[in-house]
Amino acid sequence: MDFAAWRRPRAILWAAVGVAALGFLIALEIAARGYGQPGPLTEQAREVVFAPKSGPLLYAGMALMMVVLTWRQRFIAAGVAIGVDVVFVLVRWVLGVKATEGHPFGNGALWVMLGCAVIALTRRTGAERTLLLKGVGLGLLLVTGRKTGDTWLLITSRTRPSVLDQYVATADHALGNPSWVVGRIVGATGPIGAHLLDYIYAQLAVAAVVVALYQLRNVAVERRFPGHHLVRTFLVIGLVGPSIYMVFPVVGPVFAYGPGAFGTGGLHWAVADLWPHTPPAVNNPHPIAYDGITPRNCMPSLHTAWATTIFIHSRKGPRILRFAGTFWLIATLTATLGFGYHYGVDLVAGLVFAVTIEAALRSLDRGWDRSGIQMVLHGAVVFAALLLSYRFLPVEMARYPWAFGPLLLLAMASVVYGYLRTTKRWEMTAATAQLPEPQPALA
């Protein structure tokens, strides 16, 4: 092993990040065990043999890993994954084991990723080993991120017995109670519209992989990853976002205000059976007790944040990818509101959160400068101001919607405008730096 390479600052940084990530996963595992539930490490390990919760997500992770492989290696990896899954399905059928939860496929993709990690450690050296391990890590991070999120949600439900839905529902009057409006519209579309939106909502990570695959399409040829891509933002949002859940626990209108048009929700714990037909009255809000099962995962809306990053990163792709990114953003916003999972103010906070994280990661990649620092600080201040206003000014927001509604939208628009202006300046600077220097004319 080349110990000199490990003394380089970048290698030390990545080693520290790896150790911190492992420590974080172990801490989540211990916390989950304390509540009598398996943690992310246990859940991931059991999917080596048992039916996985999300087969498409495992194959999406394998697809991300394969960006470092040649086409021949990709075909071999895909064939092995499918073959392993066929064997698992046949064995379960012979033994009479039914996959009652999750999907009957996906184990093969996990086996291939783990197998590539073994090959990297035993059959590769130098830069080729590093590249393959990065590919495996990228694929496994996508899958592990899902497990980590599930554990975070468990912790929010057990450690936050009271929720702040009355505050958020009151503040939502400033935007015209969009969840109630869109909930009635989605209910009127019947089961077809509901099933389509539900599929789009559930497969957001797969949509992210499609955009990421386009961004990483040249990795196998260039033998290196780009400095910044969608997966980085996606994972950071999933890591940082749940910490806000702990500060601002909210379960959502379908749970706090009734079973909803689709027969889901928390009627036994709801304040009243109001959603989506009757917006709640404007009263002095207060924390309300809720069950120890439902995740407090509304503020901010991470589905909005993730869909926003998909939209942002799809802008550099071909027309069909740009169209898909726009469609997925609109459909995700419709689903989050129409199913009663989020209030309108959740979406405003989620978009500001996403743009701020994206700006921070782009600044980290290109090097921090004054414009990047100002952009990130502006987004962070607006995000904090939104949360504080939802918590301490909801009644005023509801009583003066003509003032606070435009203010919320202007605050959100200021972050978006600042991001567009800053990144455009960065791109112009980069394009100017790449121009060839003028050569002296020949006499």
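The values are calculated or read from the model by the stated rules, or taken from the named source; none is laboratory data. Computed from a predicted model, the values in this text were never measured in an experiment. Positions of Cβ are backbone-derived with ideal geometry, glycine not excepted, and every protein chain shown enters the neighbour counts. When the accessible area is computed, the model is the full protein with side chains, heavy atoms only, and any ligands, DNA or RNA have been set aside. Shrake-Rupley method; radii C 1.70, N 1.55, O 1.52, S 1.80 Å.
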query = Among the lysines, which fall within straight-line cross-link reach of Lys98, defined as a Cα-Cα distance under 16 Å, with same-chain neighbours fewer than 8 residues apart omitted?
reply = Lys53
task = Would you rank Arg421, Arg123 by solvent-accessible area, highest first, keeping every protein chain in place and using a 1.4 Å probe?
result = Arg123, Arg421
message = Taking the full set of protein chains and a 1.4 angstrom probe, give the accessible area of Ile373 in square angstrom, rounded to the nearest 10.
response = 80 Å²
message = Within the range 58-158, what whole-number % of the accessible surface is contributed by carbon and sulfur, with the 1.4 Å probe and all protein chains included in the calculation?
response = 70 percent
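Can you bin the range 299-421 into rounded, prolate or oblate? Criterion: square roots of the alpha carbon gyration tensor eigenvalues sorted a ≥ b ≥ c, rounded for a/c under 1.5, prolate for a/b above b/c, oblate for the rest.
Working: a/c = 2.23, a/b = 1.21, b/c = 1.85.
Because a/c hits 1.5 or more and a/b fails to exceed b/c, the range 299-421 counts as oblate.
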ask   = Which value, in Å² and to the nearest 10, is the accessible area of Tyr59 when all protein chains are kept and the probe is 1.4 Å?
value = 60 Å²
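So what's the convex hull volume per residue for the Cα atoms of the range 213-367, in Å³?
On the way: hull volume 22.1 nm³, N = 155.
Value for the range 213-367: 142 Å³ per residue.
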request  = First measure r as the distance between the Cβ atoms of Thr70 and Lys316, then evaluate 1/(1 + (r/R0)^6) with R0 = 22 Å and state the FRET efficiency to the nearest 0.05.
outcome  = 0.30
request  = Could you run the Karplus curve 6.51 cos²θ - 1.76 cosθ + 1.60 with θ = phi - 60° over the range 55-72 and give me ³J(HN,Hα) per residue in whole Hz, x for Gly and Pro?
outcome  = x, x, 5, 5, 5, 5, x, 5, 4, 5, 4, 6, 5, 8, 9, 6, 4, 4
ask   = Which ³J(HN,Hα) values in Hz, rounded to whole numbers, follow from the phi angles of the range 357-371 under the Karplus curve 6.51 cos²θ - 1.76 cosθ + 1.60, where θ = phi - 60° and Gly and Pro get x?
value = 4, 4, 5, 5, 5, 5, 5, 4, 6, 8, x, 5, 9, 4, 5
inquiry  = How are the alpha carbon pair distances in the range 28-166 distributed across 10 Å bins from zero to the largest one, expressed in percent?
reply    = 12, 35, 30, 17, 5, 1
task = Among the aspartates and glutamates, select those whose C-alpha is under 18 Å from the C-alpha of Lys147, and discard any that sit fewer than 8 residues away in the same chain.
result = Glu29, Glu43, Glu47, Glu101
inquiry  = Rg/Rh for the range 17-110 to two decimals, with Rh computed the Kirkwood way over all alpha-carbon pairs.
reply    = 1.05
Apportionment of accessible area to carbon and sulfur, the range 293-443, percent (1.4 Å) = 70 percent
ask   = Taking the highest mean first, how do the peptides 231-239, 199-207, 186-194 order by number of other beta carbon atoms within 10 angstrom per residue?
value = 231-239, 199-207, 186-194
remark   = With a ≥ b ≥ c from the Cα gyration tensor eigenvalues, square-rooted, and the rule rounded for a/c under 1.5, otherwise prolate when a/b > b/c and oblate otherwise, the range 276-361 is prolate
inquiry  = One quarter of the convex hull surface, Cα atoms only: what value does that give for the range 343-406 in nm²?
reply    = 4.6 nm²
query = With θ set to phi - 60° and the Karplus curve 6.51 cos²θ - 1.76 cosθ + 1.60, what are the ³J(HN,Hα) couplings of the range 284-298 in order, to the nearest whole Hz, using x for Gly and Pro?
reply = 6, x, 8, x, 10, 6, 9, 5, x, 10, 5, x, 8, 10, 9
ask   = Working out 0.36 nm times the residue gap between Tyr400 and Arg366, then minus their Cα-Cα distance, what length gain in nm do you get to one decimal?
value = 8.0 nm
key: Gyration tensor (alpha-carbon) shape descriptor, the range 118-185, a/c threshold 1.5   = prolate
ask   = How much mean residue ellipticity at 222 nm does the chain get from its helices, if each DSSP H run of length 4 or more adds -39500 (n - 2.57) and you divide by all residues, to the nearest 500 deg cm²/dmol?
value = -23500 deg cm²/dmol
message = Please list, in order, the residues from the range 288-315 whose amide nitrogen is less than 16 Å from a point placed 7 Å along the Cα→Cβ vector of Tyr35.
response = 290-299
request  = In nm, give the distance between the simple-model label positions of Glu101 and Gln203, each being 7 Å from the Cα along the Cα-to-Cβ direction.
outcome  = 2.3 nm
Mean accessible surface per residue for the chain, computed with a 1.4 Å probe while every protein chain stays in place, in Å² = 51 Å²
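For the range 71-197, what is the charge dipole size about the Cα centre, in debye to the nearest 20, if Lys and Arg each add +1 at the Cβ and Asp and Glu each add -1 at the Cβ?
520 debye
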query = Sorting Trp328, Trp93, Trp111 by accessible area (1.4 Å probe), largest first, what list results?
reply = Trp93, Trp111, Trp328
message = Please report the accessible area of Arg425 (heavy atoms, 1.4 Å probe, ligands and nucleic acids excluded) in Å², nearest 10.
response = 110 Å²
Evaluated at q = 0.12, 0.20 Å⁻¹: base-10 log I(q)/I(0), Debye formula over Cα of the range 145-276 = -0.67, -1.28
key: Extension gain, Phe323 back to Val240 (0.36 nm per residue minus Cα-Cα distance, nm)   = 27.0 nm
ask   = Which of the aspartates and glutamates could be linked to Lys424 by a straight reach, that is with a Cα gap under 15 Å, when you skip same-chain ones fewer than 8 residues away?
value = Glu358, Asp369
